[in-house]
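Right, I'll just put the structure down here and ask away after.
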Amino acid sequence: MQGTKGKSVRGIIWSAIDRIAAQAIQFMISVLLARLLLPEDFAAVAIVLVFINILQTINESGFGVALVQNQQRDETDFSTVYYFNIALGFVLYGLLFFTAPLISRFFEQDLTLLLRLLGINLIASSFVVVHRAILLIKIDFKTQAKATTLGVLVSGIAGLTAAWSGYGVYSLAVQSVLNTVISSCLLWYFTRWTPKASFSAGRFKKIVDFAWKLVMARLINDIFQNLYTVVIGKFFPLKQVGYYNRAVSFQYLSTNLITQIIQRVSMPVLCEQQHDDVKMRQTHLNFMMVAALPVFPLLFGLFVLAEPLVVFLLTAKWLPVAYMLQILCPVGLLFVINTFNLNIFNATGRTDLALKVELYKKVIMVLLIVVSLGIGFEALLYSQIVVAVIELLVNTWYTRKLIGLSLTEQLRYLWPVVLSSAIMALLVWFAVQFNVSPPVQLVTGGMVGIISYLGMLYLTNTGPIRRYIQEVVKRIKK
């Protein structure tokens, strides 16, 4: 048990370094690019990435997870998946290459060259699906951290140089492709794994039997996650997609990034415990609490400080991002709980249920989008909150069915963090009312938020905060 705990802690630390270092650099670069480029440039890339990401899901999501979940895997399994993923990567790029003009006509925008350029990511990433799975099995995020951070840094410099030289939207494409190519090459080099000259049809069939349901579930989820970008790009002015894309990027940095850092570590740990419901329940709650402790206060604080943050970082031309970000904050809160509940499907091998659940949820989502379009743009944004609530109810119902853990028990476990974050947000709002300058509001709000949140955690004795604070006080006294 101690060995598993130790691996989990080290995994979380290096997973955090991997994701936070890369995303922090990426975020800073995107802020600089936003000052150099127009909302329409980000909108065009956002629309193109919808199709790239959907095709990436087909090639990456199911087969790597199948290797992680299979406790009897060997070199033949790895090599079989490796060759299949490369072939699939080229097929998917060919599909995108020939459909690019049709996509351009649908959106009434010149996106053909952009689609074909960004589509190179499909080929480059297909060479390291197995390498990522191997590192995930070992809970080795240190290696991934080196590859990812170097890729983001080098590609970011190249993208900024291209933007400064006047290449506009194509500077974003250069950055994206270079990032994937460089990080893939580094992963290959650092992992030191090479495929064997073997391909087993029997192993392939077994892997596909597990993976296709997971691929379909994630594919459906990704299609509908990106559906809002597609709908906005089709029925509203292009710059609205740019604003929405920036709002999503802020939410991603504060919610998805931290949650996925911990989720990546929780997945192999839960797989090891897949035959012990009691351990799985406690592990699930512990990992979810670790994610909620930083994410919930970030989202509450972001809701209050959205406007000064956007003006300070992106300038006033991006101001519409602020109110969109405030609408997305509640979605982020529910995303944390939903993500860890979806983990239970994969860890227990019930990918058939994962597929069925996604179908149910997405039918409801489409109906809500159709209704929202008849009302207006803001209604479309607010419908995401309704969708997240429905996902919460469905996902947690199946979690109770699979491992005996109900939504009520999960909310009771997280309640001290929610309460502490809400009180913190109220104090931050009160503190910034006396300031008009965005930088001053951010500094004041940040200081008040950190102090009040830690104070509330201490009073409610949530997590290890009280013990840590007491240890710090003892050392100061000494």
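The values are calculated or read from the model by the stated rules, or taken from the named source; none is laboratory data. The shown structure was predicted, so the numbers you read here are calculated from the model rather than taken from an experiment. FYI the Cβ positions are ideal-geometry reconstructions off the backbone, even for glycines, and counts take in every protein chain you see.
Please specify each residue of segment 209-245 satisfying the condition of being without any contact (Cβ under 8 Å) to a residue 12 or more places away in the chain and either surrounded by fewer than 18 Cβ atoms within 10 Å (Cβ to Cβ) or over 20 Å from Leu359 (Cα atoms) (or both).
Answer for segment 209-245, where residues must be without any contact (Cβ under 8 Å) to a residue 12 or more places away in the chain and either surrounded by fewer than 18 Cβ atoms within 10 Å (Cβ to Cβ) or over 20 Å from Leu359 (Cα atoms) (or both): Asp209, Pro237.
Tell me, please, whether a residue that is over 19 Å from Val278 (Cα atoms), over 20 Å from the mean Cα position of the chain (by Cα) and buried (at least 17 other Cβ atoms within 10 Å of the Cβ) can be found in segment 401-408.
Looking only at segment 401-408, we keep the residues that are over 19 Å from Val278 (Cα atoms), and these are none.
No, every residue in segment 401-408 fails to be over 19 Å from Val278 (Cα atoms), over 20 Å from the mean Cα position of the chain (by Cα) and buried (at least 17 other Cβ atoms within 10 Å of the Cβ).
Moving to a separate point now. Check whether at least one residue in segment 347-361 is in contact with an Asp or Glu (Cβ under 8 Å, 6 or more places away or on another chain), more than 20 Å from Phe303 (Cβ to Cβ) and in a helix (DSSP H, G or I), and report yes or no. So that I can check it myself, show each step before the final result.
Let us first name the residues in segment 347-361 that are in contact with an Asp or Glu (Cβ under 8 Å, 6 or more places away or on another chain), namely 361.
Retained after the next criterion (residues that are more than 20 Å from Phe303 (Cβ to Cβ)): 361.
Adding the requirement that they be in a helix (DSSP H, G or I) leaves 361.
Checked segment 347-361: at least one residue is in contact with an Asp or Glu (Cβ under 8 Å, 6 or more places away or on another chain), more than 20 Å from Phe303 (Cβ to Cβ) and in a helix (DSSP H, G or I).
Turning to a different aspect of this structure: Of the residues that sit in segment 361-376 and are in contact with a helix residue (DSSP H, G or I) (Cβ under 7 Å, 6 or more places away or on another chain) and farther than 14 Å from Gln225 by Cα, which one is surrounded by the most Cβ atoms within 10 Å (Cβ to Cβ)?
Filtering segment 361-376 down to residues in contact with a helix residue (DSSP H, G or I) (Cβ under 7 Å, 6 or more places away or on another chain) leaves 361-362, 364-365, 368-369, 372-373.
Retained after the next criterion (residues that are farther than 14 Å from Gln225 by Cα): 372-373.
Numbers: Ser372: 20, Leu373: 16.
Looking at the filtered set, the residue picked out is Ser372.
What's the number of the condition Phe296 fails, among (1) out of contact with any Cys (no Cβ under 7 Å at 6 or more places or on another chain); (2) over 30 Å from Leu214 (Cα atoms); (3) in contact (Cβ under 8 Å) with a residue 12 or more places away in the chain?
It is condition (2) that Phe296 fails.
So which residues in segment 158-169 are surrounded by 14 or more Cβ atoms within 10 Å (Cβ to Cβ) and in a helix (DSSP H, G or I), if there are any at all? Step through it out loud before you land on a result.
Of the residues in segment 158-169, the ones surrounded by 14 or more Cβ atoms within 10 Å (Cβ to Cβ) are 158-160, 162-163, 167-169.
The answer is Ala158, Gly159, Leu160, Ala162, Ala163, Val169.
Hey, among Ile337, Ile327, which residue is closer than 24 Å to Arg218 by Cβ and of a type in the set (Val, Ile, Thr)? Steps first, answer last, please.
Working: Ile327 fails: closer than 24 Å to Arg218 by Cβ.
The match here is Ile337.
Has segment 370-377 got any residue that is outside any helix (DSSP H, G or I), in contact with a Ser or Thr (Cβ under 7 Å, 6 or more places away or on another chain), without any contact (Cβ under 8 Å) to a residue 12 or more places away in the chain and of a type in the set (S, T, N, Q)? Can you show your working first?
Start the filter on segment 370-377 by keeping residues that are outside any helix (DSSP H, G or I), which leaves 374-376.
So of that shortlist, the ones also in contact with a Ser or Thr (Cβ under 7 Å, 6 or more places away or on another chain) come out as none.
Looking through segment 370-377, none of the residues is outside any helix (DSSP H, G or I), in contact with a Ser or Thr (Cβ under 7 Å, 6 or more places away or on another chain), without any contact (Cβ under 8 Å) to a residue 12 or more places away in the chain and of a type in the set (S, T, N, Q).
Just need a number here: residues in segment 118-132 that are at pLDDT 90 or above and among the small types (Gly, Ala, Ser).
2
Read through the list (1) under 24 Å from Phe345 (Cβ atoms); (2) among the hydroxyl-bearing types (Ser, Thr, Tyr); (3) outside any helix (DSSP H, G or I), then give the number of the only condition that Ser198 fails.
The number of the failed condition is (1).
Another question, then. For segment 136-151, which residues satisfy the criterion of being among the hydrophobic types (A, V, I, L, M, F, W, C) and surrounded by fewer than 23 Cβ atoms within 10 Å (Cβ to Cβ)?
Taking segment 136-151 as the starting set, the residues that turn out to be among the hydrophobic types (A, V, I, L, M, F, W, C) are 136-137, 139, 141, 145, 147, 150.
Across segment 136-151, the qualifying residues are Leu136, Ile137, Ile139, Ala145, Leu150.
Do we have any residue at all in segment 11-34 that's of a type in the set (Gly, Ala, Ser), more than 30 Å from Leu309 (Cα to Cα), modelled with pLDDT under 85 and surrounded by 19 or more Cβ atoms within 10 Å (Cβ to Cβ)? Don't jump to the end; show me each part of the working.
Restricting attention to segment 11-34, the residues satisfying the condition of being of a type in the set (Gly, Ala, Ser) are 11, 15-16, 21-22, 24, 30, 34.
Still in the list and also more than 30 Å from Leu309 (Cα to Cα): 11.
Going one step further and asking which of them are modelled with pLDDT under 85, we end up with 11.
Restricting the remaining residues to those that are surrounded by 19 or more Cβ atoms within 10 Å (Cβ to Cβ) gives 11.
Within segment 11-34 (the criterion being of a type in the set (Gly, Ala, Ser), more than 30 Å from Leu309 (Cα to Cα), modelled with pLDDT under 85 and surrounded by 19 or more Cβ atoms within 10 Å (Cβ to Cβ)), the answer is yes, since at least one residue qualifies.
Further question: Let me confirm something: among Leu414, Leu392, Leu381, Leu427, which residue is without any contact (Cβ under 8 Å) to a residue 40 or more places away in the chain, in a helix (DSSP H, G or I) and surrounded by 16 or more Cβ atoms within 10 Å (Cβ to Cβ)? Even if it seems obvious, please write down each step before you answer.
Working: Leu414 fails: without any contact (Cβ under 8 Å) to a residue 40 or more places away in the chain; Leu392 fails: without any contact (Cβ under 8 Å) to a residue 40 or more places away in the chain; Leu381 fails: without any contact (Cβ under 8 Å) to a residue 40 or more places away in the chain.
The unique qualifying residue is Leu427.
Could you list, in sequence order, all residues of segment 294-330 that are at pLDDT below 90, within 18 Å of the chain's Cα centre (by Cα) and more than 21 Å from Thr444 (Cα to Cα)?
none
Would segment 303-319 turn up any residue that is touching a Cys at 6+ places or on another chain (Cβ under 6 Å), among the hydrophobic types (A, V, I, L, M, F, W, C) and either part of a loop (DSSP other than H, G, I, E, B) or under 25 Å from Leu253 (Cβ atoms) (or both)? Spell out the reasoning first.
Step one: of segment 303-319, the residues touching a Cys at 6+ places or on another chain (Cβ under 6 Å) are 303.
Pick out the ones that are also among the hydrophobic types (A, V, I, L, M, F, W, C) and you get 303.
From what's left, either part of a loop (DSSP other than H, G, I, E, B) or under 25 Å from Leu253 (Cβ atoms) (or both): 303.
Yes - at least one qualifying residue is present in segment 303-319.
What do you reckon, is Lys356 in contact with a helix residue (DSSP H, G or I) (Cβ under 9 Å, 6 or more places away or on another chain), of a type in the set (D, E, K, R) and surrounded by fewer than 18 Cβ atoms within 10 Å (Cβ to Cβ)?
Values: in contact with a helix residue (DSSP H, G or I) (Cβ under 9 Å, 6 or more places away or on another chain): yes; of a type in the set (D, E, K, R): yes; surrounded by fewer than 18 Cβ atoms within 10 Å (Cβ to Cβ): yes.
Yes.
Every residue, every condition in (1) free of Cβ contacts under 8 Å to residues at least 60 places away in the same chain; (2) under 27 Å from Lys196 (Cβ atoms); (3) among the β-branched types (Val, Ile, Thr); (4) touching a Phe, Trp or Tyr at 6+ places or on another chain (Cβ under 7 Å), yes or no:
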{"residue": "Val81", "(1), (2), (3), (4)": "no, yes, yes, yes"}
{"residue": "Ser104", "(1), (2), (3), (4)": "yes, no, no, no"}
{"residue": "Leu114", "(1), (2), (3), (4)": "no, no, no, no"}
{"residue": "Leu117", "(1), (2), (3), (4)": "no, no, no, no"}
{"residue": "Asn121", "(1), (2), (3), (4)": "no, yes, no, no"}
{"residue": "Ala133", "(1), (2), (3), (4)": "no, yes, no, no"}
{"residue": "Thr143", "(1), (2), (3), (4)": "yes, yes, yes, yes"}
{"residue": "Ala147", "(1), (2), (3), (4)": "yes, yes, no, yes"}
